[in-house]
1. Report whether or not B:R157 is away from every other protein chain (no Cβ under 14 Å) and of a type outside the set (A, V, I, L, M).
2. Counting only residues that are farther than 17 Å from A:N130 by Cβ and more than 11 Å from chain A (Cβ to nearest Cβ), how many does segment B:78-116 have?
3. Are there any pairs with C-beta distances below 8 angstrom linking a residue in segment A:171-186 that is within 11 Å of another protein chain (Cβ to nearest Cβ) and closer than 19 Å to A:S144 by Cβ to a residue that is near DNA strand D (Cβ under 9 Å from one of its atoms) and not in a helix (DSSP H, G or I), with the two at least 6 apart or on different chains, and if so which?
4. Looking at segment B:1-71, what strands (runs of 3 or more DSSP E) fall wholly within it and have at least 3 residues that are surrounded by fewer than 19 Cβ atoms within 10 Å (Cβ to Cβ) and either touching a Ser or Thr at 6+ places or on another chain (Cβ under 6 Å) or not aromatic (F, W, Y) (or both)?
5. When B:F151 is evaluated against the numbered criteria (1) surrounded by 20 or more Cβ atoms within 10 Å (Cβ to Cβ); (2) more than 16 Å from DNA strand D (Cβ to nearest atom), which criterion, by number, is the only one it fails?
6. Would you mind telling me which numbered condition in (1) within 11 Å of DNA strand D (Cβ to nearest atom); (2) buried (at least 18 other Cβ atoms within 10 Å of the Cβ) B:V165 fails?
Protein chains: 2
Amino acid sequence: MQSLIAHIQKHSPLTPDEAALFLVHTETRKYKSKSVLQHAGTVCTETYFITSGLVRSFYINDNIVEHILHFACEGWWISDMYSLFSGKPGDLFIETLEDTEVIVLSKAQQELLYQQLPQLERYFRILAENSLVAHQERLMDNMSRSAEERFEKFCKRYPSLIQRVPQKQIASYIGVTPEFFSKMKGKMLRK
Amino acid sequence: MQSLIAHIQKHSPLTPDEAALFLVHTETRKYKSKSVLQHAGTVCTETYFITSGLVRSFYINDNIVEHILHFACEGWWISDMYSLFSGKPGDLFIETLEDTEVIVLSKAQQELLYQQLPQLERYFRILAENSLVAHQERLMDNMSRSAEERFEKFCKRYPSLIQRVPQKQIASYIGVTPEFFSKMKGKMLRK
DNA sequence: CGCGACGTTGATTTGCCTCAACGATTGTGG
DNA sequence: CCACAATCGTTGAGGCAAATCAACGTCGCG
């Protein structure tokens, strides 16, 4: 709870009363590891703020191969934004990788809150902008850097994840097969 | 001018007075084709709304290869968002591909406007969210689809651009070399 | 006219994938 | 608490999509 309020206040002012009002519109939930919060093909109506644990979003293409879009751990939001904004069925799965506690903000409550606390527009604007910049960088990295370079960047940016998530999922995030990732890692260690 | 106001009103209400106030904080500029609006290594302080013409943003990696991040034509915003938000020197070039007219919104004026017209927070939040969703899709496409599929998607999404931009830049956008793109296109036409 | 950017085509190379087999680890039901 | 299955990581052989390098024709433009 406090971590979310602190996170908002980092980007947009919020009085204690307003923080309380915000929290009234949310719900806290706990999930076991490997719970599915959002299923591809359904309409996503919620956004999740992780207070503890670890979650991933991914989609499965024609060939039955998983591609990981995001990891989210403590202090991160996660959702299927395409489905959430458009109201159409999405392509993403969202699944816990550890026992996880989340604060749930439904789309309906979020719309209400935008009216009652207009400064939330600012907060979520800044979040979207930061996320956009991160995606642009990742996109450019995928186009111009080798798998090795992408892995090195991943290690620098998310050092804590390396021990927490199975290796094949890191492979999926950086965009290679588990087999190739294993060989690549072996080669990198030998130096 | 009107196209920008109409664009804002599509996402967030704006009275005629407010529209006028907005425009006071902007500036209109005309550029010849191949003008450089933003240079990698410098800090980006402006955002551009294209009223006519065509612009691209791209970066150049170690190997002296250009990678196109975006095309923007009439009705689109373009900027180096990383540099703009962080205040640090960016990696992007922004350059016109045709004679182009833009409405310039400087970062300083934008901050002022957020205070005077808080509903702009909403407008730019929605823009950022939409752009974010588009980037996520493009990222997933780059990881899981072949160059042919990416080109087909490009044709569907930006049919008007195909005649307007040199082929090698389309190749760069979808993430292949000009040589490979040429061969691929030949093969696709033969069916 | 001549130069430089563009598009094409061919030969060769390479980064990464596919498929398959095998040990190690995890976890789960009896 | 053990046995067995399932998942995970590793390794090897072979294949393919796309890159690289090089040569050449075309066109727009100063």
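Every number in this text was worked out from the coordinates using simple rules, so none of it is lab data. All values derive from a computational prediction rather than experimental measurement. Counting neighbours? That spans all protein chains shown, and the Cβs are built from the backbone with ideal geometry, glycine included.
1. Working: away from every other protein chain (no Cβ under 14 Å): yes; of a type outside the set (A, V, I, L, M): yes.
For B:R157, the condition - away from every other protein chain (no Cβ under 14 Å) and of a type outside the set (A, V, I, L, M) - is met.
2. Pass one, segment B:78-116, residues farther than 17 Å from A:N130 by Cβ: B:78, B:89, B:93-106, B:108-109, B:112-113, B:115-116.
Still in the list and also more than 11 Å from chain A (Cβ to nearest Cβ): B:78, B:89, B:93-106, B:108-109, B:112-113, B:116.
Summing the residues that are farther than 17 Å from A:N130 by Cβ and more than 11 Å from chain A (Cβ to nearest Cβ) in segment B:78-116 gives 21.
3. none
4. B:27-31
5. In the conditions (1) surrounded by 20 or more Cβ atoms within 10 Å (Cβ to Cβ); (2) more than 16 Å from DNA strand D (Cβ to nearest atom), B:F151 misses (2) alone.
6. (1)
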